[in-house]
Ligand SMILES: NC(=O)CC[C@H](N)C(=O)O
């Protein structure tokens, strides 16, 4: 535990000078206001320890990291039938790409690109009103993190609602193929709110711990998913969690991970820990620049790569 704390502190210290290198996600105006110098790391271990450094207790917009949790919910509800709506192959294209969808007749390549995540949210929405679906996603996050203080930032949701034309295009296109069943405005209302969930690195690391512990949250004892499903969610994160940067992330870090344009990344060390990092400066693929570098250093020094 002391060693881990020292390791995480050293990584935080060593990368502090690189925070200005990335670029905040300015296509969502509310996210453009977040200072580049924010930097936090939290490691939650399956033994129940939590190590935090820097801004690890400050809430930020989890954005696409939420896609991992809505996928978990949708699989719980629809099981294998979910794969009729969305594929599970790496995309090799940007997170908000449109071209691939037409080639593939409206069926998104995977649940983590925007199109796939919108299709997954449509599956979560099934049978309920948008408000209820937003409530159940938020409750799921509070349950996973064992923390009732987690909230949604309405300014971020509104900001994206007002500017998310590309997501509207994706949703309408999928609706034309009957890949989504609800009106695009309703699905996106839910999607923008799930992306606007605000969580700290500490809360995110705790929320991801079930994926490091065969589907059971070791802090609360609650079984979240089966061991087989946890394995599959990890494989999805490895192959698709960083969009067209997934190969580079696997190469450099060697862990399943899911990024968000808020600058957060949740990475899983199977059998050992969940790690959340936050640094808002993004690289060209929309993944946290320093966050990736921090996970690379940490995984290398701790010997955590799943590739041995
Ligand atoms: N990669 C991301 O975090 C993208 C999420 C963002 N809400 C969007 O839909 O564009």
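The values are calculated or read from the model by the stated rules, or taken from the named source; none is laboratory data. Treat the numbers as computed from the prediction; the structure is a model and nothing was measured. Quick reminder, even Gly has a Cβ in these numbers, built from the backbone with ideal geometry, and neighbours come from all protein chains shown.
A few notes on this one:
- Taking the range 33-129 as the region of interest, the helices (runs of 4 or more DSSP H) fully inside it that hold 3 or more residues being under 28 Å from residue 149 (Cβ atoms) and either within 13 Å of the ligand (Cβ to nearest atom) or over 20 Å from the mean Cα position of the chain (by Cα) (or both) are 66-78, 114-125.
- Residues in the range 135-177 that are free of Cβ contacts under 8 Å to residues at least 12 places away in the same chain and in a loop (DSSP other than H, G, I, E, B) were compared, and the one that is nearest to the ligand (Cβ to nearest atom) is 149.
To keep it simple, each residue is scored yes or no on (1) within 16 Å of the ligand (Cβ to nearest atom); (2) outside the structural domain of residue 111 (by TED's automatic domain parsing); (3) surrounded by 24 or more Cβ atoms within 10 Å (Cβ to Cβ).
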{"site": "220", "(1), (2), (3)": "no, yes, no"}
{"site": "244", "(1), (2), (3)": "yes, yes, no"}
{"site": "248", "(1), (2), (3)": "yes, yes, no"}
{"site": "253", "(1), (2), (3)": "no, yes, yes"}
{"site": "263", "(1), (2), (3)": "yes, yes, yes"}
{"site": "272", "(1), (2), (3)": "no, yes, no"}
{"site": "290", "(1), (2), (3)": "no, yes, yes"}
{"site": "293", "(1), (2), (3)": "no, yes, no"}
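- Meets criteria (within 25 Å of residue 96 (Cα to Cα), in the same structural domain as residue 107 (by TED's automatic domain parsing) and crowded, with 22+ Cβ neighbours inside 10 Å) for residue 138: no
- Members of the range 178-192 that are assigned to a helix (DSSP H, G or I), surrounded by 15 or more Cβ atoms within 10 Å (Cβ to Cβ) and away from the ligand (no atom under 11 Å from the Cβ): 184, 186, 187, 189, 190
- Among the residues of this structure, residue 14 counts as one that is in contact (Cβ under 8 Å) with a residue 12 or more places away in the chain and not in a loop (DSSP other than H, G, I, E, B).
- Whether a residue is touching a residue at least 40 places away in the same chain (Cβ under 8 Å) and not assigned by TED's automatic domain parsing to the domain that holds residue 134 was assessed, and residue 285 passes this test.
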